[in-house]
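Scroll down for the structure; my scribbles are underneath it.
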Amino acid sequence: MIFEVRNLMKSFGGISAVHEVNFNLKEGEISSIIGPNGAGKTTLFNLITGKLKPDHGEVFFKGIEISQIKPHQLCNKKIGRSFQITNVFPKFTAYENIQVAILSTRNRCKNPFRRSESMFKEDTILILESLGMLNKKDIQAGYLAHGDQKLLDIGVALAGQPELLFLDEPTAGMSPQETRATTELVKKLAEERNLTVLLIEHDMNVVFSISQIIRVMHQGKLIAEGTPEEIRGNDHVQRVYLGDRV
């Protein structure tokens with residue numbers, strides 16, 4: 001197992017947002033976490049990526065406990081994350097956003113006397129190519145379409161050459177065509193880079209087309225885990241979340 005969560009718990013004001021959550025990820029696996037709004041999905045993501053500290057429980061990456069690590073340190077441990085709300089510099093070009101992320105993850109932002117324009121040019125270009133955004137490299141991120149900003153956010157997460165990638169609603173706000181293209185892109189990136197991917201997603205077409213394993217959260221707890229076929233056939237999941245959508 002490349003990643004393991006043990007008995008993770010987090011409460012806010014006496015309300016349990018995440019309660020006794022346990023799961024693990026296999027290397028190279030693409031899996032999803034689904035559930036209604038308020039189920040605890042984003043809180044769980046924030047716990048396993050260091051943005052929040054758990055009240056109880058442990059998180060392991062490649063056998064090393066990381067629940068107390070700071071978010072910016074995760075990049076150096078080959079863990080990347082994209083965000084539900086895009087996390088890019090709007091006044092930087094697409095190229096500059098990727099380049100700055102690479103410079104940061106490789107500790108090259110500490111020398112104020114060294115010019116950076118040509119540093120990691122090849123690596124930056126390769127990420128933009130993999131996103132299908134090379135023709136938009138000189139556009140300021142704030143002027144990119146929403147779908148391209150979401151792709152750029154994934155590119156920033158790739159800058160640290162992660163082995164494990166967390167994607168928080170990667171297709172939110174996208175058109176059906178953009179959603180299909182992004183779904184195929186995530187599959188391609190996972191295969192080409194041997195990535196383990198865990199995503200939160202509300203689009204069930206995306207979830208059931210991309211996931212090898214699906215986990216369902218409800219009221220802070222994991223209530224089901226299985227293959228897409230097993231989740232489709234789970235009566236409890238149908239009652240609390242899926243209904244007739246799949």
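The values are calculated or read from the model by the stated rules, or taken from the named source; none is laboratory data. Remember, predicted model here, so these are calculated numbers, not experimental data. Ideal geometry is used to build each Cβ from the backbone, glycine not excepted, and the neighbour counts take in all protein chains shown.
Answer yes if at least one residue in region 157-166 is farther than 23 Å from Cys75 by Cβ and among the charged types (D, E, K, R), and no otherwise.
Checked region 157-166: no residue is farther than 23 Å from Cys75 by Cβ and among the charged types (D, E, K, R).
Can we say Pro90 is on the phi < 0 side of the Ramachandran plot, in the same structural domain as Ala141 (by TED's automatic domain parsing) and in a loop (DSSP other than H, G, I, E, B)?
yes
Condition (residue is of a type outside the set (Phe, Trp, Tyr), outside any loop (DSSP other than H, G, I, E, B), in contact with a strand residue (DSSP E or B) (Cβ under 9 Å, 6 or more places away or on another chain) and surrounded by fewer than 19 Cβ atoms within 10 Å (Cβ to Cβ)) applied to region 169-187: is it met by at least one residue?
Yes, the conditions are met somewhere in region 169-187.
Listed here are the residues, each with its yes/no results for (1) surrounded by fewer than 15 Cβ atoms within 10 Å (Cβ to Cβ); (2) over 28 Å from Gly14 (Cβ atoms); (3) touching a helix residue (DSSP H, G or I) at 6+ places or on another chain (Cβ under 9 Å).
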site: Asn194; (1), (2), (3): yes, yes, no
site: Leu199; (1), (2), (3): no, yes, yes
site: Val206; (1), (2), (3): no, yes, yes
site: Ile210; (1), (2), (3): no, yes, yes
site: Lys221; (1), (2), (3): no, no, no
site: Arg232; (1), (2), (3): no, yes, yes
site: Asp235; (1), (2), (3): yes, yes, no
site: Gln238; (1), (2), (3): no, yes, yes
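Sort through Gly233, Gly155, Gly220, Gly160 and tell me the only one that's within 25 Å of Lys26 (Cα to Cα), of a type outside the set (Asp, Glu) and touching a Cys at 6+ places or on another chain (Cβ under 7 Å).
Gly160
Run Ile15 past the list (1) among the hydrophobic types (A, V, I, L, M, F, W, C); (2) closer than 27 Å to Glu192 by Cβ; (3) more than 16 Å from the chain's Cα centre (by Cα) and report the number of the one that doesn't hold.
It is condition (2) that Ile15 fails.
Is it the case that Glu225 is farther than 25 Å from Val100 by Cα and outside the structural domain of Ala17 (by TED's automatic domain parsing)?
Answer is no for this residue.
If you go through region 133-162 one residue at a time, how many are modelled with pLDDT of 95 or more and farther than 20 Å from Ile85 by Cα?
The total comes to 5.
All but one of (1) of a type in the set (S, T, N, Q); (2) out of contact with any strand residue (DSSP E or B) (no Cβ under 8 Å at 6 or more places or on another chain); (3) assigned to a loop (DSSP other than H, G, I, E, B) hold for Asn46; which doesn't?
Going through (1) of a type in the set (S, T, N, Q); (2) out of contact with any strand residue (DSSP E or B) (no Cβ under 8 Å at 6 or more places or on another chain); (3) assigned to a loop (DSSP other than H, G, I, E, B) one by one, Asn46 breaks only (3).
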